Amino acid sequence: MATRNTIMSIRLVYYSRALRDMSLQDIQNILSTARENNSDQGICGMLCYESNWFLQALEGERKAVNELFLEIADDVRHDDCVIVSYEHVNECIFPNWHMGYSASSGAVTEMLKSFGLSSFEPEKLTPEQALEFLTTMSQQQQKAA
């Protein structure tokens, strides 16, 4: 049980639908801003954008992640923002990423097939599958780096 002096880390996973097609420049702008702000707030995570859907995990101190998520939910570039999971964690899965990113690739296609999906539809993923998807995509990015 946490004491008042213990900072609780949490992981929040959500998905949302982009209101328009996102260009590469749009995604680069999102990532640049996220990486700078997340670094300052001690937040790490992973983002996937595919077929006008975002799937993202945010990890860090509870208050910081909650405040960031509220800002994200208010962003006019997307709607239908749905929290998939919210849990206390002892350690972060994405500590090397102030915000990792994954887009269309063979790995995405293979992962979706393993879940019985032919296209990226995060609303059809269980919380465990959503986290597994983001974790696997993070590992793929680290191998490529």
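The single residue among 16, 32 that is surrounded by 13 or more Cβ atoms within 10 Å (Cβ to Cβ) and on the phi < 0 side of the Ramachandran plot turns out to be 16. Here the stretch 102-145 is the region considered, the condition is being crowded, with 17+ Cβ neighbours inside 10 Å and within 19 Å of residue 83 (Cβ to Cβ), and the residue that is nearest to the chain's Cα centre (by Cα) is 134. Within the stretch 59-79, if we keep just the residues that are surrounded by 14 or more Cβ atoms within 10 Å (Cβ to Cβ) and over 22 Å from residue 26 (Cα atoms), the residue that is nearest to the chain's Cα centre (by Cα) turns out to be 59. Scan the stretch 42-58 and give yes if some residue there is surrounded by 12 or more Cβ atoms within 10 Å (Cβ to Cβ), part of a helix (DSSP H, G or I), aliphatic (A, V, I, L, M) and touching a Phe, Trp or Tyr at 6+ places or on another chain (Cβ under 7 Å), otherwise no. No, the stretch 42-58 has no match at all.
Pairs meeting the criteria (first residue in the stretch 42-55 and free of Cβ contacts under 8 Å to residues at least 24 places away in the same chain, second residue in a strand (DSSP E or B) and surrounded by fewer than 23 Cβ atoms within 10 Å (Cβ to Cβ), beta carbons under 9 Å, at least 6 apart or on different chains) are 42/61. Just to be sure I understand, how many residues within the stretch 116-137 are within 12 Å of residue 55 (Cβ to Cβ) and touching a Phe, Trp or Tyr at 6+ places or on another chain (Cβ under 9 Å)? The number of residues fulfilling the criteria is 13.
Candidates in the stretch 46-65 are the residues that are over 17 Å from residue 138 (Cβ atoms) and of a type in the set (S, T, N, Q); of these, the one that is modelled with the lowest pLDDT is 51. Counting only residues that are among the β-branched types (Val, Ile, Thr) and modelled with pLDDT under 90, the stretch 1-26 holds 3 of them.
Look at (1) touching a Ser or Thr at 6+ places or on another chain (Cβ under 9 Å); (2) not in a helix (DSSP H, G or I) and you find that residue 117 fails only one, number (1). Candidates 93, 72: the one that is at pLDDT 90 or above and part of a loop (DSSP other than H, G, I, E, B) is 93.
Out of all the residues in the stretch 16-31, is one or more closer than 18 Å to residue 128 by Cα and not in a loop (DSSP other than H, G, I, E, B)? Within the stretch 16-31 (the criterion being closer than 18 Å to residue 128 by Cα and not in a loop (DSSP other than H, G, I, E, B)), the answer is yes, since at least one residue qualifies.
The values are calculated or read from the model by the stated rules, or taken from the named source; none is laboratory data. Fair warning: this is a prediction, and the values are worked out from it, not measured in the lab. Note that we place each Cβ from the backbone using ideal geometry, even for glycine, and neighbour counts take in every protein chain shown.
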